[in-house]
Amino acid sequence: DLIKNSAAIVLQLEIPVPVVEYIIEKAASFGVYILLNAAPAKPIRPEVLKKVDCLVVNEPGSTFYAGVTISDKASAEANYQQLLSKVKDTLVITLGKYGSLLCEQAGTTYFPADHSVKVVETTGAGDSYIGAFAVQKVLGKDNKEACAYASRVSQVTVTKIGAQPAMPTLTEMGE
């Protein structure tokens, strides 16, 4: 019932892959929006991965799933189709200090990192990005709006120490 009554579900691969695959199958059967943070990168059955609405991968994860080295914007743009074809709809490649790349059937949209931000620690940046993206999708925002917001959230996260303590509040985000 928890999955059935959810608007979205966020999964990552720090829990056993069979559990993740089971949850993806259940969520898909109920029409729940599925966001998978494929970290750490691990093999997932292709037929299950195809049910993921949005796959978020960092450079090592995108390299693992694409089978070619992805380390920056240029390599991500050159190879995103291989990854996008493996999921239902959307791919986001987070590129750390280079920003992120939203990949859709219509093409890509690049969200550069703000290099004026004083980076203190990067722990939790990816988690804050994914959480912010998911919240924006539940609020009805499109992928570009969700990525833009997620980029801003992760850029606030890196200005603080720690994982959870660094996550910005809605007030810090101007909401």
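Just a few scattered comments:
- Among (1) 17.2, 55; (2) 18.1, 70; (3) 15.4, 45, the entry that matches Rg and Dmax of the Cα atoms in Å as calculated here: (3)
- Length-normalised contact order for the range 41-171 - Cα pairs under 8 Å, 6+ apart - percent: 19
- Cleavage-rule hits, GluC sites (Glu not before Pro), the range 2-40, DSSP coil, Cβ neighbours within 10 Å at most 16: Glu14
- The range 69-127: GluC sites (Glu not before Pro) in DSSP loop, at most 15 other beta carbons within 10 Å: Glu121
- Ordered by 1.4 Å accessible area with all protein chains kept, Val20, Val117 run largest first as Val117, Val20.
- Other residues within the sphere of radius under 13 Å centred on the Cβ of Ile15, judged by their own Cβ, net out at -1 (K and R +1, D and E -1).
- Rounded Å value of the spacing that divides the Cα centres of the range 40-95 and the range 118-175: 21
- Sparse-neighbour loop sites [chymotrypsin sites (Phe, Trp or Tyr not before Pro); the range 1-58; at most 13 other C-beta within 10 Å; DSSP]: Phe30
- Put a plus charge on the Cβ of each Lys and Arg, a minus charge on the Cβ of each Asp and Glu, and nothing anywhere else: the dipole of the range 65-172 about its Cα centre is then about 40 debye.
- Here the dipole of the range 50-92 is about 220 debye; that uses its Cα centre as origin and unit charges on the Cβ of Lys and Arg (positive) and Asp and Glu (negative).
The values are calculated or read from the model by the stated rules, or taken from the named source; none is laboratory data. On a predicted model such as this, the values are computed, not experimentally measured, just so you know. Please note: Cβ atoms are built from the backbone with ideal geometry, for glycine as well, and neighbour counts cover all protein chains shown. What goes into the accessible areas is simple: the full protein's heavy atoms, side chains included, and nothing from ligands, DNA or RNA. Shrake-Rupley method; radii C 1.70, N 1.55, O 1.52, S 1.80 Å.
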